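Below: the structure, in structure tokens.
The values are calculated or read from the model by the stated rules, or taken from the named source; none is laboratory data. Quantities reported herein were computed from a predicted structural model and do not represent experimental measurements. Cβ coordinates were reconstructed from backbone atoms using ideal geometry, including for glycine residues, and neighbour counts include every protein chain displayed. Surface areas here come from the heavy atoms of the whole protein model, side chains and all, with no ligands, DNA or RNA. Shrake-Rupley method; radii C 1.70, N 1.55, O 1.52, S 1.80 Å.
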Protein chains: 2
Amino acid sequence: MGNEPTTTTVNGTTQPAATDLESGGVSVIVERWKKEDLLEKCSLGSRVFAFFFSFLTLLIMATNIHGDWRDFYHYEEYRYVLVVAILSTSYACLQSWRQIHKLGTNKDLFSWPNSEAVDYGGDQIAAYLLLSAASAAIPLTNRMRQGSDNVFTDASAAAISMAFFAFLCFSISSLISGYRLCNQSYI
Amino acid sequence: MGNEPTTTTVNGTTQPAATDLESGGVSVIVERWKKEDLLEKCSLGSRVFAFFFSFLTLLIMATNIHGDWRDFYHYEEYRYVLVVAILSTSYACLQSWRQIHKLGTNKDLFSWPNSEAVDYGGDQIAAYLLLSAASAAIPLTNRMRQGSDNVFTDASAAAISMAFFAFLCFSISSLISGYRLCNQSYI
């Protein structure tokens with residue numbers, strides 16, 4: 001009985017028995033859930049890191065005031081970095097909070113239609129903005145450091161590096177949300 | 001005979017006949033081919049436009065030599081724009097040529113493994129580089145135009161605009177190749 005083949009013959013062709021099909025279907029769904037769970041955790045991780053680096057950018061740039069010409073608000077590049085850091089920190093904070101809430105209660109805080117597309121667009125735009133801000137601020141900082149190397153230029157360089165790390169985190173996050181957008185389940 | 005139900009009864013459950021399943025399968029495959037064909041054309045279009053704008057950036061920046069301080073090679077930001085324009089022009093030219101060849105002969109010129117992933121990565125990196133170059137060159141050009149507005153600053157602004165348009169084309173192309181990476185067929 002143990003070695004009985006679990007197949008049925010339909011219209012002359014051999015097909016697997018219904019129980020086999022069912023267990024196969026269940027294992028596929030369980031595997032999919034496991035994969036989605038892993039992606040959710042990776043996505044949350046990259047967004048938490050993105051929040052951390054964006055917040056550091058914001059903090060370092062906002063406190064980069066040392067009197068005279070060494071105030072960040074005299075330079076449009078640094079003001080741009082600050083604005084982008086505020087935007088990306090808010091976005092990363094909102095998304096992380098939403099994902100942590102979802103992990104805990106299994107309920108989505110904001111159930112807008114096509115939320116995967118919104119996630120992907122948001123991550124991609126945040127990545128583009130951070131890269132743009134970092135790229136804009138690098139030449140000015142380089143030129144200043146050629147003249148004199150002080151606490152103001154060091155803090156600017158640190159803020160730019162943090163913005164670049166935040167960009168990397170957002171680009172990883174956009175990869176994951178792009179993958180989830182393509183493979184969203186309608187179960 | 002015409003209204004005969006095209007179903008068979010297997011293990012007590014009613015299932016569609018084999019001919020129905022086959023025609024359904026064929027129509028799904030034909031629909032998929034049509035969709036892939038449309039995506040191929042959109043991807044080619046965006047890459048041809050990306051090539052056009054990248055080449056314009058390269059041309060305008062490389063000929064931006066008007067003597068004295070009005071030579072592009074005195075400024076690292078403009079040199080960066082030129083290098084990125086060379087890279088993105090070469091990449092867009094290669095990809096467009098490959099796609100046109102594929103449309104004509106139905107054969108891929110370079111059949112590396114996981115070519116969809118390489119396409120997506122290439123498009124994304126080209127988009128990031130162009131945005132970075134445009135962002136780096138904007139503050140310098142802005143500052144120059146506040147002092148004096150001449151043919152050198154005008155040409156720089158034009159090159160930056162073209163680089164931005166090329167970035168937009170590459171970002172659209174990366175969206176398409178990202179979609180194709182997720183939905184690649186193994187037929």
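For this structure, a couple of remarks:
- Count of the range B:142-186 residues, restricted to those that are free of Cβ contacts under 8 Å to residues at least 40 places away in the same chain and either of a type outside the set (S, T, N, Q) or in contact with an Asp or Glu (Cβ under 9 Å, 6 or more places away or on another chain) (or both), is 14.
- Test result for B:Asn114, farther than 20 Å from A:Ala127 by Cβ, surrounded by fewer than 19 Cβ atoms within 10 Å (Cβ to Cβ) and either aromatic (Phe, Trp, Tyr) or free of Cβ contacts under 8 Å to residues at least 40 places away in the same chain (or both): yes
- Subset of the range B:123-138 (residues that are open to solvent by less than 20 Å² (accessible area, probe 1.4 Å) and free of Cβ contacts under 8 Å to residues at least 40 places away in the same chain): B:Leu131, B:Ser135
- Condition met for A:Ser111 (among the polar types (S, T, N, Q) and either part of a helix (DSSP H, G or I) or within 12 Å of chain B (Cβ to nearest Cβ) (or both)): no
- Conditions (1) in a helix (DSSP H, G or I); (2) at pLDDT below 95; (3) open to solvent by less than 40 Å² (accessible area, probe 1.4 Å): number failed by B:Ser88: (2)
- Take the conditions (1) over 13 Å from B:Phe170 (Cα atoms); (2) in contact with a Ser or Thr (Cβ under 6 Å, 6 or more places away or on another chain); (3) more than 13 Å from chain A (Cβ to nearest Cβ); B:Asp119 misses just one of them, which is (1).
- For the range A:125-155, a residue qualifies if it is over 16 Å from B:Leu140 (Cβ atoms) and facing chain B (nearest Cβ under 9 Å), and the qualifying residues are A:Ala127, A:Tyr128, A:Leu131.
- Residue within the range A:157-172 that is away from chain B (no Cβ under 14 Å), over 25 Å from A:Trp33 (Cα atoms) and among the polar types (S, T, N, Q) present: yes
- Qualifying residue in the range A:152-168 (condition: more than 22 Å from A:Ala62 (Cα to Cα), open to solvent by 70 Å² or more (accessible area, probe 1.4 Å) and assigned to a helix (DSSP H, G or I)): no
- First in the range B:63-88 and farther than 22 Å from A:Asn142 by Cβ, second anywhere and among the β-branched types (Val, Ile, Thr) and crowded, with 19+ Cβ neighbours inside 10 Å, Cβ under 9 Å, 6 or more apart: B:Ser88/B:Thr57
- Restricting the range A:71-84 to residues that are surrounded by 18 or more Cβ atoms within 10 Å (Cβ to Cβ) and farther than 15 Å from A:Ala155 by Cα, the residue that is farthest from the other protein chains (Cβ to nearest Cβ): A:Val84
- Residue in the range A:144-151 that is under 21 Å from A:Leu58 (Cα atoms) and open to solvent by less than 20 Å² (accessible area, probe 1.4 Å) present: no
- Applying the set (1) open to solvent by 50 Å² or more (accessible area, probe 1.4 Å); (2) under 16 Å from A:Phe167 (Cα atoms) to A:Phe53 leaves exactly one unmet item: (1).
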